[in-house]
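The values are calculated or read from the model by the stated rules, or taken from the named source; none is laboratory data. Computed from a prediction, not measured in an experiment: that's the story for all the values here. Here Cβ is always computed from backbone atoms with ideal geometry, including for glycine, and neighbour counts include all displayed protein chains.
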């Protein structure tokens, strides 16, 4: 059974058809890429899978269950984690708090524990601390544990966001332009990080990226979106040489 | 770059230390080593001295009675007495407190270390709180004025903290606190009058008045829950949206509750509601305040409670990270309303009389000022804000309505210098306050 299956996903924003008949199937452990020019509907696709937008029509089946119409936090708790193009970190909170908050759905101590500080709560919070530290270590940001995220370098913030998504213990990780705004050095670093979590955690990864080098390096299969429709799908080599892809990115030659 | 900055700062500090006056330096060195326990002991000594020899001492310094508020009110009423008041405060409070705190530092540090290592945190907190209460009790025993002031300060702390939950931790702007307070006040009042008082409207008491003080906590809690239910009226329509909507809806709520109370003849209408037994004595309020601070402190430090900060900082991000945003907002808001309701119930039973006019815009601005003066997102800030503003209100009382010009101006200055308040976004662990300092 595929891990995630998206069938004929379509969404309209008013009269605008942002995504049309989008299909994708994920086998466990697969790494797929989604590319396309600005405004092609890549992030919208992510938003539909994670429940932020409700598709106009189509099905999203995760582990045999249709998740269309579910709340984003429920979808996330099922094991679909994502990162954002603009990170969406919580600016007043420390790195540690970020990771622990991603474990929200695993809290068992309830309101009584929160109000009165029961032993059960202390036990679980300590457990969370340990688990969170593990993720910080994994992404090599453990030395920033108790710092507020706002002052951290951009590359570190990206890693914190990644660690936060991993703390959900997802089955599939959706990365929305993880190298956006990075310099080449940070970018290579990020590619290493993604490869590392792919190998170590055996995660299924869905990657939106603008930089061809990153996608070509990491992905097994790449889809290309243009104006909300898939115009090409294949291995990195196939995509690189696909005429329609080149046309979408660079434009067509016109005889004058 | 940062390292050099720090180095320069350190150098400056060293320079200051060497050039500073010797006794001051010595004192600073000494006082730094005094734990919270030592300060409490010093304060207790000072208040005991005042309660035993305060009046003769005050007379000796040329004051006709013990200055109620450290002589602060003389600034407006009789400036000529200020020097005497300063001497009085020095002799009665500061010098004895310093001597005791510094001289017992060795013992108190050892005691604090013992309590930190051997006792669970709540017990440790209770011991400190008991000592603090003893100090305040002795301080208050001089005049009824001080007891009333302390009662209002405690209630203000509860209100400020609970409003900070919504305006600080949750990042919404709620104006419904006077409404919540009045619901709690009226609910608790109706229950106590119905059960324990012979009243013209509600008839003879149902239960023996002897039981009153024992049932009172239950009544307060029930009043708090009723307030929480009332808070749903604000929460449900406004939490679907963000931003200004809550401010508008909650302001409307305050006015609706107020005019509802004004038009209900059975509870006195605009004339107010009286006959409440004065169950809310100083120790009772103190215990409730400690409970309030303790639960809110716990809540804001738990991952469950911090979720509301995540929702404030980025709701979409929070939702994508498994946080149930709707539930989080609801919990925080109803929790805040609960404590506002309890504070209202206590307020009614301090005064023995309430009327709807008390819970209007003036009350709202008072609580808001306490929150924003003290600092958003900080338990300690809220406590400081409540105490500070309540003191200021008392201090400026001789100015009558003019104080409502002075305080807003002060607030504006604070907002310009520190936009989020004096002690904002600082989280202080209670263990750090109570720890030994040697």
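For beta carbons closer than 7 Å, sequence separation of 6+ or different chains, a first residue in the range B:407-427 that is more than 21 Å from residue B:169 (Cα to Cα) and a second that is part of a helix (DSSP H, G or I), the qualifying pairs are B:407/B:369; B:407/B:392.
Restricting A:79, A:64, A:29 to residues that are touching a residue at least 40 places away in the same chain (Cβ under 8 Å) and closer than 26 Å to residue A:234 by Cβ narrows the list to A:29.
If you scan the range A:82-100, which residues turn out to be within 13 Å of residue A:167 (Cα to Cα) and facing another protein chain (nearest Cβ under 8 Å)? Give the derivation first.
Pass one, the range A:82-100, residues within 13 Å of residue A:167 (Cα to Cα): A:82-83, A:95-100.
Residues satisfying the conditions are A:82, A:97, A:100.
Specify the residue that is nearest to residue A:134 (Cα to Cα); the eligible residues are those in the range A:67-76 that are surrounded by fewer than 21 Cβ atoms within 10 Å (Cβ to Cβ) and within 9 Å of chain B (Cβ to nearest Cβ).
The qualifying residue nearest to residue A:134 (Cα to Cα) is A:74.
When the range B:421-438 is filtered for residues that are surrounded by 15 or more Cβ atoms within 10 Å (Cβ to Cβ) and over 18 Å from the mean Cα position of the chain (by Cα), the ones remaining, listed by number, are B:434, B:435, B:436, B:437.
With the condition kept exactly as written, say whether any residue in the range B:336-355 is farther than 28 Å from residue B:249 by Cα, away from chain A (no Cβ under 14 Å) and part of a loop (DSSP other than H, G, I, E, B). Walk me through how you get there before you give the answer.
In the first step, residues of the range B:336-355 are kept if they are farther than 28 Å from residue B:249 by Cα; the result is B:349-353.
Imposing the further condition that a residue be away from chain A (no Cβ under 14 Å) reduces the set to B:349-353.
Those still in the list that are part of a loop (DSSP other than H, G, I, E, B) too: B:352.
Scanning the range B:336-355 turns up at least one residue that is farther than 28 Å from residue B:249 by Cα, away from chain A (no Cβ under 14 Å) and part of a loop (DSSP other than H, G, I, E, B).
Just a yes or no: is a residue in the range B:339-350 free of Cβ contacts under 8 Å to residues at least 40 places away in the same chain and either in the same structural domain as residue B:212 (by TED's automatic domain parsing) or out of contact with any helix residue (DSSP H, G or I) (no Cβ under 9 Å at 6 or more places or on another chain) (or both)? The answer is no, given that none of the residues of the range B:339-350 is free of Cβ contacts under 8 Å to residues at least 40 places away in the same chain and either in the same structural domain as residue B:212 (by TED's automatic domain parsing) or out of contact with any helix residue (DSSP H, G or I) (no Cβ under 9 Å at 6 or more places or on another chain) (or both). Just to be sure before I move on: is residue B:299 within 14 Å of another protein chain (Cβ to nearest Cβ), modelled with pLDDT of 95 or more and in a helix (DSSP H, G or I) in the structure I sent? Considered against the rule, which asks whether it is within 14 Å of another protein chain (Cβ to nearest Cβ), modelled with pLDDT of 95 or more and in a helix (DSSP H, G or I), residue B:299 comes out as yes. Given the options A:99, A:60, A:67, A:75, name the one that is closer than 18 Å to residue B:311 by Cβ and assigned by TED's automatic domain parsing to the domain that holds residue A:195. Residue meeting the stated conditions: A:75.
Of the listed requirements (1) within 14 Å of chain A (Cβ to nearest Cβ); (2) touching a strand residue (DSSP E or B) at 6+ places or on another chain (Cβ under 8 Å), residue B:304 misses just one: (2).
Evaluation of residue A:170 against the conditions (1) closer than 20 Å to residue A:103 by Cα; (2) in a helix (DSSP H, G or I) shows that the sole unmet condition is (2).
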